[in-house]
Amino acid sequence: MKLQDVVALVTGSASGLGRATAERLHRGGAKVVICDLPQSQGAEIAKALGEGALFAPTDVTSEADVTAALDAGKAAFGRDVNVVVNCAGIAVAARTVTRKGPHDLGQFLKVLNVNVGGSFNTMRLAAARLSETEALAGGERGVFINTASVAAYDGQIGQAAYSASKGAIVGMTLPIARDLAGFGIRVCTIAPGLFRTPMLAGLPEQVQNELSKMVPFPSRLGDPDEYGHLAQHIIENAMLNGEVIRLDGALRMPPK
């Protein structure tokens, strides 16, 4: 799929990996729907990108919000969203049991609801529309890209909820790709390692340097644009389907 044929809905795109992806796709000629919470910087980012970009305030767990974002994309750009990049997500740090008691169940379920439920929500709603559209050359209708994490494989102490959510995203990649194959919709997942997102960029420089040393090569934090670059390649390479790709410089996380 060529970027000039893309109308991309990118969740969590007011910062970090999502923002870098939206910006890269827009530079390449795609139309982009910036999806993030109402209080985010999404409107400012869309304005800075200019023509071919719009902001749709979105809670990814809300059917109404995602439907409204898909409607806005079609109204603005004249055709249905055909690429979804799910970058929206949350994390909590809590051990299963401490002296204060067990892990809060509500926190655990909220992480699953946002990270897994939110990703599935955008895909199911976008797929329903794409299934009724005319296919592009080669029979392709769309591409969905989810964001897992190396925590899906190397979850650290205190990451039970986060790792469970990212493991679920890994696990649903192939079955959803198989579900949607008959409609010409591809599904892949990127599992990033340590990236210079706002969360890590806010850490002291010494801590960032120590984290960088954990990465075999290149021994640095990833640039969010490198995530966007891989997302672009997945969109453009029609044989990538049903795959989870680690983007981590050969990193394997220690227990803590």
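Listed by first and then second residue, the pairs linking a residue in region 75-87 that is under 19 Å from Thr147 (Cβ atoms) to a residue that is of a type in the set (Ser, Thr, Tyr) and surrounded by fewer than 18 Cβ atoms within 10 Å (Cβ to Cβ), with Cβ atoms under 8 Å apart and 6 or more places separating them unless they lie on different chains, are Asn82/Thr133.
Reported count of residues in region 1-15, each being of a type in the set (D, E, K, R) and in a helix (DSSP H, G or I), is 1. Please go through region 120-138 and pick out each residue that is at pLDDT below 95 and of a type in the set (Gly, Ala, Ser). Of everything in region 120-138, those that are at pLDDT below 95 and of a type in the set (Gly, Ala, Ser) turn out to be Ala135, Ala137, Gly138.
For region 186-207, the condition holds for no residue, the condition being that it is modelled with pLDDT of 95 or more and part of a helix (DSSP H, G or I). From the list Leu49, Leu54, Leu3, the one residue that fits, being surrounded by fewer than 24 Cβ atoms within 10 Å (Cβ to Cβ), within 17 Å of Ile234 (Cβ to Cβ) and more than 17 Å from the chain's Cα centre (by Cα), is Leu3. Would you confirm, using the coordinates I've provided, whether Ser40 is part of a loop (DSSP other than H, G, I, E, B), over 16 Å from the mean Cα position of the chain (by Cα), of a type in the set (Ser, Thr, Tyr) and buried (at least 16 other Cβ atoms within 10 Å of the Cβ)? Criteria met by Ser40. Contact map, region 233-256: first residue buried (at least 17 other Cβ atoms within 10 Å of the Cβ), second residue at pLDDT below 95 and of a type in the set (Phe, Trp, Tyr), Cβ cut-off under 7 Å, separation 6 or more or different chains; the map is empty.
Against the criterion of being of a type in the set (A, V, I, L, M) and surrounded by fewer than 24 Cβ atoms within 10 Å (Cβ to Cβ), Ala94 qualifies. Just one of (1) out of contact with any helix residue (DSSP H, G or I) (no Cβ under 7 Å at 6 or more places or on another chain); (2) of a type outside the set (S, T, N, Q); (3) closer than 23 Å to His229 by Cα fails for Gly158. It is (3). Each residue in region 133-169 was checked for being outside any loop (DSSP other than H, G, I, E, B) and surrounded by 15 or more Cβ atoms within 10 Å (Cβ to Cβ), and 21 of them qualify.
Of everything in region 93-132 that is outside any helix (DSSP H, G or I) and touching a Lys or Arg at 6+ places or on another chain (Cβ under 8 Å), the residue that is nearest to Ala64 (Cα to Cα) is Ser131.
The values are calculated or read from the model by the stated rules, or taken from the named source; none is laboratory data. These figures come from a predicted structure and were not determined experimentally. When we count neighbours, we look across all protein chains shown, and the Cβ atoms used for this are built from the backbone with ideal geometry, even at glycine.
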